[in-house]
Amino acid sequence: MKLSKKLFLILCISLSLGTTSVYAQRYASRNGTVKLSYNAPHGKMETVNRQVNIGLNVETGEFRLTMLMLSFRFQSAYNQEKFNEYFIKNAHFANSTFRGRIVDLNRVNFSKKGEYEVTVTGD
């Protein structure tokens, strides 16, 4: 499933202890984090998925995210139920991949662990 670029205006990549250096210019993680915030017909929706596979080339800013859609967690049980119902009914959307590039790569200090707010493009 191609995710809308609007859903990824803010991407927080957490380079945590589970991150491993493949070699100097590439990183991979199986416990990345994606936070989504968007306006739905019944109000603002916010969700987080902490089971994201990430591959990142720090020289070019190119990356790939792969995640199980049912791993998103909502604060509202109602929103969680509706979101999960949609993806259970549409099994071909069970997994999602987002390939893109970090536009403002200079905002990230790869020698320092943390969360960085960046703008990305991709599909």
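VAL48 to GLN25: FRET efficiency via 1/(1 + (r/R0)^6), r the Cβ-Cβ distance, R0 41 Å, to the nearest 0.05?
Values: r = 28 Å, r/R0 = 0.69.
According to the calculation, E is roughly 0.90.
Read phi for every residue in the stretch 46-53 and hand back ³J(HN,Hα) as whole Hz from Karplus 6.51 cos²θ - 1.76 cosθ + 1.60, θ = phi - 60°, with x for Gly and Pro.
For the stretch 46-53, the Karplus curve yields 9, 8, 9, 10, 9, 10, 10, 8 Hz.
No value in this document is a laboratory result; all are computed from the given coordinates. Nothing here was measured: the structure is a model prediction, and the numbers come from that model. Don't worry about glycine lacking a Cβ; one is built from the backbone with ideal geometry, like all the others, and counts go over all protein chains shown.
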